[in-house]
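Reviewing the structure listed below.
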Amino acid sequence: MSKKIAIIMGSDSDLPVVQKAIDKLKAFGVETEAHVFSAHRTPAAAAAFAASAKENGFGVLIAAAGKAAHLAGALAAQTTLPVIGIPIKSSTLDGLDALLSTVQMPSGMPVATVAIDGAENAAILAMQMLALSDDALAEKLDTMRREMTEAVLKKDAALQSQLS
Ligand code: RP5
């Protein structure tokens, strides 16, 4: 059975960004659960979810948080499943605070951090991880790559004819 992907966000105010990851995973038919758990406001719930994620059928955790964004690291501390962090731009510091809080993990405790508000890439990276043991999903990702390449080549052709 295919593994699920969990998306944990620190606040419901993160949902407009996180929705892009949820939509991408749904479009690829990957079973996804989304929750609001905070490293600071509900630390026990966040830790319990991560600690039981593997036995509950999850293959990858995605964590989205802004400001002093410790959520991805707090989840990573409870599991050896891969954790992908999305730093959310939600403060006067334009997300740089969340980026540094998410990416600067101590040795031995990695968090794969995508760009600020990079929810779509987080979903794609999570699926690439699951695709290591899921050939059907790998094929869908290959198709997406081919379509992306063709779209860019079409844009280049359009530019050339516009300039000539
Ligand atoms: C973080 O603080 C959340 O992930 C959110 O990005 C930010 C602000 O949260 P709210 O005050 O909007 O709930 O914990």
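The values are calculated or read from the model by the stated rules, or taken from the named source; none is laboratory data. Note that the coordinates shown come from a computational prediction; the quantities given were computed from them, not determined experimentally. For neighbour counting, all protein chains shown are included, and Cβ atoms are generated from backbone atoms with ideal geometry for every residue, glycine included. In case anyone asks, the SASA skips ligands and DNA or RNA and just uses the protein heavy atoms, side chains included. Shrake-Rupley method; radii C 1.70, N 1.55, O 1.52, S 1.80 Å.
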Using only the Cα atoms of the range 4-133, each taken as one equal point scatterer with no solvent, compute I(q) by the Debye sum, divide by I(0), and report log10 of the ratio at q = 0.15, 0.21 Å⁻¹.
-0.58, -1.20
Residues of the chain: accessible area per residue with a 1.4 Å probe, Å²
55
Separation between the LYS26 and THR92 pseudo-spin-labels, each 7 Å from Cα along Cα→Cβ, expressed in nm?
3.6
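I need the calculated FRET efficiency for the pair MET109 and LEU15, taking r as the beta carbon distance and R₀ as 22 Å, to the nearest 0.05.
Details: r = 27 Å, r/R0 = 1.21.
With R0 = 22 Å, the Cβ-Cβ based efficiency is 0.25.
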Keeping the other protein chains in place, figure out the carbon and sulfur percent of the accessible area of the range 1-124, with a 1.4 Å probe.
56
Extension gain, HIS35 back to ASN121 (0.36 nm per residue minus Cα-Cα distance, nm)
29.1 nm
Determine, for each peptide in 40-48, 118-126, 143-151, the mean count of other beta carbons within 10 angstrom over its residues, then list the peptides with the highest first.
118-126, 40-48, 143-151
If a paramagnetic tag sat 7 Å from the Cα of LEU159 along the Cα-Cβ line, which residues of the range 92-132 would have the backbone N under 16 Å from that point?
none
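With the cut-off at 29 Å, tell me which of the pairs LYS3/LYS154; LYS26/LYS54; LYS4/LYS155; LYS3/LYS155 have Cα atoms farther apart than that. Intermediate results must be reported in sequence, preceding the final value.
Numbers: LYS3/LYS154 36 Å; LYS26/LYS54 21 Å; LYS4/LYS155 35 Å; LYS3/LYS155 36 Å.
In this structure, LYS3/LYS154; LYS4/LYS155; LYS3/LYS155 exceed 29 Å between Cα atoms.
Stretched out fully, how many nm does the piece from MET148 to ALA68 gain, at 0.36 nm a residue minus the Cα gap? Provide the component values of the computation, followed by the final result.
Details: separation 80, 0.36 × 80 = 28.80 nm, distance 3.47 nm.
That works out to 25.3 nm of additional length.
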